[in-house]
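Undergrad: Here you go, one structure.
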Amino acid sequence: MNGIKIKGTGQCLPQRVVTNEDLARIVETNDEWITTRTGIQRRHHISGEETIAGLSAAAARQALENAGITADQIGACIVATLTPDTLVPSAACCLQRELGLPNDIPCFDLNAACTGFLYALHTMECLLNAAPRKFGLVVGAEHLSRITNWQDRGTCILFGDGAAAVVVECREGWPSIGAVLGSHGDDQLLRVPGVEQDERSLIYMEGTKVFKFAIEAAPWCMDRVLEKVGKTVDDVDFFVFHQANARIIDLVVRRYHIPPEKYYKNIQEYGNTSAASIPLVLSDLVRLGKVGSGSRVLIVGFGGGLTWGGAYVEFE
Ligand code: COA
């Protein structure tokens, strides 16, 4: 299989910023608890006229410009999300309309919770191998504030909204990103009821148990990906982690002796944005000049489902 590389990135965050102090006015919590237990200081929440379609389109336009390609060159579009504006049309079809993507390409949403972007990246690699156009658009976008339980202090402090996009290219001879994906059906630890349920569609999570799952899943993914692509930790220029809790990242980097200049946290600014979290890290890294042409990143994610995944991706 021919591999994909990242050619461009973009992001768009909602205008409204919600601080820990703002949340302390809604639930029994405080800035000190949230900061020390999670690393989160603020997050963005969708308000007013903002939508997933609008944020995704802005992020995607930036990614196309950054990649130096036009909408008509895109061969497939996937939006990783669990909170599209509408179930039908999908967020990807809304994006297709907004951007004027070609009609003869697949556009669809993918829900693998916080691992959604990694699932989408792997799916895109497979799709582009069979597509006539060799550029793909992968977006992670979430409106989690809409499904947040504002009475549950254990979860409402965690989540944020936002969108980020990458344009990838698939070329003959490029190695595969070596994605490793897995899941374990579990509706006890982390769930959001769907349209058929009596309960309101709000996030329920047993945080401590999910935390334990995450600190086992992340190293497992890292080891499997490196084994699959025949690389070692030293071959990686930058480690990109799903931003669920700063303590999870701290534990993993300590275990692998990863120096501070090789990983990055933006959870303090954005909170946990589920499927948008990993592309938000990627676009921040590009914006800050921490990664660029030739950089090799190891991406690791985990989340509801339960799901997990990893991939070794190069920037073109
Ligand atoms: N403010 C103040 N106190 C809070 C609080 C808040 N926002 N939320 C919970 N607490 C309290 C609890 O009630 C509990 O009090 P008690 O000891 O008197 O019973 C205490 O703090 C500890 O709660 P606990 O839930 O055990 O905390 P924790 O250290 O596990 O942290 C999470 C909670 C959610 C931050 C953490 O478990 C986590 O990040 N989990 C993983 C999330 C994740 O990875 N998700 C991935 C998929 S999205």
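The values are calculated or read from the model by the stated rules, or taken from the named source; none is laboratory data. On a predicted model such as this, the values are computed, not experimentally measured, just so you know. Note that we place each Cβ from the backbone using ideal geometry, even for glycine, and neighbour counts take in every protein chain shown. The protein model used for the area step is the full one, side chains on, heavy atoms only, and it has no ligands, DNA or RNA in it. Shrake-Rupley method; radii C 1.70, N 1.55, O 1.52, S 1.80 Å.
Undergrad: If V229 meets every condition in (1) open to solvent by 40 Å² or more (accessible area, probe 1.4 Å); (2) away from the ligand (no atom under 11 Å from the Cβ) apart from one, which number is that one?
TA: (1)
Undergrad: Hey, could you check the range 276-306 for residues that are within 16 Å of the ligand (Cβ to nearest atom), under 13 Å from the mean Cα position of the chain (by Cα) and more than 15 Å from N245 (Cβ to Cβ) and say which is surrounded by the fewest Cβ atoms within 10 Å (Cβ to Cβ)?
TA: My answer is I299.
To keep it simple, each residue is scored yes or no on (1) aromatic (F, W, Y); (2) open to solvent by 10 Å² or more (accessible area, probe 1.4 Å).
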site	(1), (2)
D85	no, yes
C93	no, yes
L110	no, yes
A113	no, yes
A131	no, yes
F135	yes, yes
R153	no, yes
G178	no, no
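Undergrad: Condition test on L55, is it touching a residue at least 12 places away in the same chain (Cβ under 8 Å), assigned to a helix (DSSP H, G or I) and of a type in the set (A, V, I, L, M, F, W, C)?
TA: Working: touching a residue at least 12 places away in the same chain (Cβ under 8 Å): yes; assigned to a helix (DSSP H, G or I): yes; of a type in the set (A, V, I, L, M, F, W, C): yes.
Yes: the conditions hold for L55.
Undergrad: Okay, next question. I need the full set of residues from the range 146-204 which are away from the ligand (no atom under 16 Å from the Cβ) and not in a loop (DSSP other than H, G, I, E, B), in order please.
TA: Across the range 146-204, the qualifying residues are A163, A164, A165, V166, V167, V168, E169, C170, R171, V180.
Undergrad: Still on this model: Could you give every pair whose Cβ atoms fall below 9 Å, whose first residue belongs to the range 259-272 and is closer than 19 Å to V233 by Cα, and whose second residue is outside any helix (DSSP H, G or I) and of a type outside the set (A, V, I, L, M, F, W, C), counting only separations of at least 6 or pairs across chains?
TA: E261/K290; K262/D237; Y264/K290; K265/G39; K265/Q243
Undergrad: Across the range 205-220, which residue is nearest to the ligand (Cβ to nearest atom) among those that are in contact (Cβ under 8 Å) with a residue 24 or more places away in the chain and either open to solvent by 50 Å² or more (accessible area, probe 1.4 Å) or assigned to a loop (DSSP other than H, G, I, E, B) (or both)?
TA: Applying the filter and picking the extreme gives I215.
Undergrad: So, one more: Being out of contact with any Gly (no Cβ under 9 Å at 6 or more places or on another chain) and under 14 Å from A276 (Cβ atoms) narrows it down to one of T123, T83, T115, so name that one.
TA: T83
Undergrad: Here is a further query. Sort out which residues of the range 25-45 are within 9 Å of the ligand (Cβ to nearest atom), outside any loop (DSSP other than H, G, I, E, B) and open to solvent by less than 40 Å² (accessible area, probe 1.4 Å), and write them in order of number.
TA: Result: I34, T38.
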